[in-house]
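First comes the structure, then the notes that go with it.
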Amino acid sequence: MRIVVIGGVAGGMSAAAKARRTNKDAEIVVFEKGRFVSYGACGMPYFLSGEIESYEELIVRKPEDFEKAGIKVNLGWEAKEIDAKNFKVIVESREGKKEEVSFDSLVIATGASSRRLPIEGVDLKGVFTLKSLDDGIAIKNYISDKKVKRAAVIGAGFIGLELIDAFVRQGIEVVSIDIVPSPPPQFDDDMVDFVKEKADENKVITCWGSKVDRIEGGDSVEAVVVEGERFPVDMVVLSVGVSPNSEIAERAGIELSVASAIKVDERMQTSVEGIYAAGDCTHSYSVVTGKPIYLPLGSLANRHGRVAGTNAAGKNAVMHPVAGSSIVKFFDIGLARAGLTESEAKSEGFDVASVVIKAYDKAHYYPGAGKMKVKLVWDKASGRLLGAQLAGPYTGVKRIDVVASLLIKRATVSDLKSVDLAYAPPFSPVWDPLSIAANQAVKD
């Protein structure tokens, strides 16, 4: 059998590799329009900060590594059309050569594209987005070549915050702009005060709750104008979210779902039997609501790929619902979440209760101990845990994984109270912040 994979980053190469392990005899062919496959896209902000010296350190496996495993990788080839009825895909090389390739199974892993704001000046030289490794290399080179002293980052979500951190570490003054008054928008407002404190501490100019009017410049960027106020800058990075690259699937008659992502079932199969999707072009299912949810996360893309690759190769695997666990580092603090925020839970119709506590992340007397916030959200009637958010020293917020594990089991806040969490002064107070929050929740 021939398995074709279109897209060669996290979802695509995970699918190809798993398909090869599942079916030793299958012919596996990958088409990737870019220059690289199988790289750690989530590491790009740390490449820009200088913490990772070379982009090559982000590359997990090269095409020749896959070739040795019997996976044919075609770089510079883009899938243009899918003939879902006849199981064929039309691909085109960078040079304009077209080929028609038949398949027995297809995995669509076309990823997502960065959104671009519909404002004046967005196409000027010096305006970037950060999605591919080529994007990261281009930004790094521009900073070096133009001796960038001041940059604007439009959008203060996870990637936006990481970019702010990266640029400040490079000695670049940053103007941060976001339409949300209290970013990042993935968290409830009562959990993000640490973010503004750290931005101010690092002399970030924050224009939050503000809209960009335009980007000004001649041949290249010279300034951003935010609600009438002009900020001279040498570079602009747009970080305002992504949109799934689902157009090729839609043209083929494949159904779409939430956020225009490709609709899949629990086997990552699309509405056409034998055609699967994985990564940022498709959706997952929420462990809390059971509904489709669009979460363009590297961790999920790899999991999608493994399931899609297994099924494309003729075996059976299931992608389980997800808690949407996510985490970000901003200077020396971290923010993490799993499940629903309070505002999301209310919009889903839950009768919500919540609690926010502050506690030390380590024993208060241990060097480096700092305060962190924990927010729990649960259903009043059943006590079922719906979500949690953590903010504080970045070394402590990874305990969000405890909550993610409980969400999968539909656990209650009482269950969290009963969990025997490990204790030693370098890691936790004798009463862990999660335990304190659960105790408070049950008391309430």
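For residues in region 233-256 being polar (S, T, N, Q) and buried (at least 19 other Cβ atoms within 10 Å of the Cβ), which is farthest from GLY121 (Cα to Cα)? Taking the candidates together, the pick is SER246. All conditions but one from (1) under 22 Å from LYS140 (Cα atoms); (2) in contact with a helix residue (DSSP H, G or I) (Cβ under 7 Å, 6 or more places away or on another chain); (3) of a type in the set (Val, Ile, Thr) apply to VAL122; the one that does not is (2). Of the residues in region 342-365, at least one is under 17 Å from PRO429 (Cβ atoms), outside the structural domain of LEU161 (by TED's automatic domain parsing), surrounded by fewer than 20 Cβ atoms within 10 Å (Cβ to Cβ) and of a type in the set (Gly, Ala, Ser). Within region 313-325, the set of residues being under 26 Å from the mean Cα position of the chain (by Cα) and either part of a loop (DSSP other than H, G, I, E, B) or assigned by TED's automatic domain parsing to the domain that holds VAL403 (or both) comprises ALA317, VAL318, MET319, HIS320, PRO321, ALA323, GLY324, SER325. The residues of region 173-187 that are touching a residue at least 40 places away in the same chain (Cβ under 8 Å) and farther than 18 Å from GLN389 by Cα, listed by number, are VAL175, ILE177.
Based on what the data block shows, is ASP190 touching a residue at least 40 places away in the same chain (Cβ under 8 Å) and either over 25 Å from SER113 (Cα atoms) or outside the structural domain of ILE90 (by TED's automatic domain parsing) (or both)? So ASP190 passes the test. Residues in region 230-242: is at least one modelled with pLDDT of 95 or more, within 23 Å of the chain's Cα centre (by Cα) and of a type in the set (Phe, Trp, Tyr)? For region 230-242, residues modelled with pLDDT of 95 or more, within 23 Å of the chain's Cα centre (by Cα) and of a type in the set (Phe, Trp, Tyr): absent.
The values are calculated or read from the model by the stated rules, or taken from the named source; none is laboratory data. No experiment lies behind these values; they were computed from the predicted model shown. For neighbour counting, all protein chains shown are included, and Cβ atoms are generated from backbone atoms with ideal geometry for every residue, glycine included.
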